[in-house]
Amino acid sequence: MPHTVPSPDPEAAASAELARRAARVETSLAEPGAPFAVVLGERGTPEYADGPRTLREFVETTWAYGEAPFLIAGERACSYGEFFAAASALAVRLREGYGLRPGGRAVIASGNRPEWQIAFWAAQLAGLVAVPLDAGWTEDAVTYALEDCEPGVLLVDGERLGRVAGWARRTGTRVVLLHGSGDESASGQRAESTGGGRAADGLRVERYEDFPAPDPLAAPPDVEPRPEDDATILYTSGATGRLRGAVATHLAQAGAALNARYHAAASARARGAIPGLEPAPVSPMTVPFSDAAAFSGFYGAMAAGGTLALTDDADAGGGPAGYGLAETCGVVLAPFGDDRRAEPGGAGRPAPVTEVRIAGPSGEELPDGEPGELWLRGQSMFRGYWRDAAATGAVFADGGWFRTGDRAVRRDGWVSVVGRLQGA
């Protein structure tokens, strides 16, 4: 009988070619001596060899962008220099005026506006743990998070004031009204500035607009957080419906910031461009700033001296492509180059400091093409759930692997998330 040679599978050949291209890009950016070179950290997991190790180090690099536009909201624009001066001034006030100390929590409850970014980065410059809350939460959900994390200050806008007012009265916690009067809230809770004292109804509110104008030459507080110190608590309900606070260290969030920078560089290299020499990006932002995907968006823009354009236009985009969770501090799997067009339904390829395992029922690594649970490990993983050792233990496997509960398959390095595990 004549010997029959099977015809090549066009899809498999195309996937293999995309993998080869991706490998060339990844090698050029992450090999020893390259901008995103990787080393093994003290925990035995990959970390970036160079770059910031804390969010304070990361944001301090943006000061060099000076008059370049950082945020555009309608007709209002804020330069990097103005932003950094405002964040530094608020950080000093939180430290010296409010007496907050490193490790204390600062809740941010606001819609997407420049003051959200000022408040978040002021917390980092003051050595505080930033706790961004979903702007769409009900008062019950907000109260649960406040009871759980026990913040020392509430940085809110007028629309959210009514949702924190009851808890703030009961506890005497001070409130900074970032924007608006409070008339916007469903409760009609109007804020009268108390100048740091206590109002007749027990609510201690200061208006951000009443603070002195920031000194552009003034330095932030003399606080140097360590990489292992907590930087953020991002509340997530996952599939359980119960809110849990995912705690991330400075090292993890700094890794997330570098992940965003890497994904941008990989996309540029895949297009044949030289990373860092293209015009600074303008990034439309419709995703709430409190969302983990938004972190990747504003980290990426800030790393390149780009601009965040706040918009309500859902067709404008507003978040990076790929896969990320509160527990991963943002996007850790992302497409670049031809991948985005060839496999639009997939999640992407891992960042250099993200290890992927497609795990079987006993935790064994499954071969390419076989679906299993997506496990992740690396620099940008959270350290655990706030004050919830049981929940933390349930999602971490031996070796520091985070069990996402998502069902995924890997082919030629590309990871596609195809659903949730039953009961996860």
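The values are calculated or read from the model by the stated rules, or taken from the named source; none is laboratory data. Please read all numbers here as calculations on a predicted model, not as lab measurements. Using ideal geometry, Cβ is built from the backbone for each residue, glycine included, and neighbour counts are taken over all protein chains shown.
Results, tabulated for the structure shown:
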{"quantity": "Flag for ALA292 being touching a residue at least 12 places away in the same chain (Cβ under 8 Å) and touching a helix residue (DSSP H, G or I) at 6+ places or on another chain (Cβ under 9 Å)", "calculated": "yes"}
{"quantity": "Selected residue (criterion: modelled with the lowest pLDDT) from residues of region 336-374 that are surrounded by fewer than 23 Cβ atoms within 10 Å (Cβ to Cβ) and among the hydrophobic types (A, V, I, L, M, F, W, C)", "calculated": "ALA342"}
{"quantity": "Extreme residue, surrounded by the fewest Cβ atoms within 10 Å (Cβ to Cβ), among residues of region 243-271 that are aliphatic (A, V, I, L, M) and part of a strand (DSSP E or B)", "calculated": "VAL247"}
{"quantity": "Considering residues of region 125-153 that are in contact with a Ser or Thr (Cβ under 8 Å, 6 or more places away or on another chain), under 16 Å from PHE289 (Cβ atoms) and not acidic (Asp, Glu) only, the residue surrounded by the fewest Cβ atoms within 10 Å (Cβ to Cβ)", "calculated": "ALA135"}
{"quantity": "Residue tally, condition touching a strand residue (DSSP E or B) at 6+ places or on another chain (Cβ under 6 Å) and either of a type outside the set (Gly, Ala, Ser) or not in a loop (DSSP other than H, G, I, E, B) (or both), over region 356-383", "calculated": "19"}
{"quantity": "Tabulated pairs, region 107-128, first of a type in the set (Val, Ile, Thr), second assigned to a loop (DSSP other than H, G, I, E, B) and crowded, with 24+ Cβ neighbours inside 10 Å, C-beta under 8 angstrom, 6+ apart or interchain", "calculated": "VAL107/LEU133; VAL107/PRO151; ILE108/LEU133; ILE108/SER290"}
{"quantity": "Residue in region 95-110 that is hydrophobic (A, V, I, L, M, F, W, C) and farther than 19 Å from ASP157 by Cβ present", "calculated": "yes"}
{"quantity": "Residues of region 82-118 classified as of a type in the set (Gly, Ala, Ser) and touching a helix residue (DSSP H, G or I) at 6+ places or on another chain (Cβ under 7 Å), total", "calculated": "8"}
{"quantity": "Qualifying strands (runs of 3 or more DSSP E) (wholly inside region 18-123; at least 3 residues being touching a strand residue (DSSP E or B) at 6+ places or on another chain (Cβ under 9 Å) and under 27 Å from VAL332 (Cβ atoms))", "calculated": "38-40, 46-48, 105-109"}
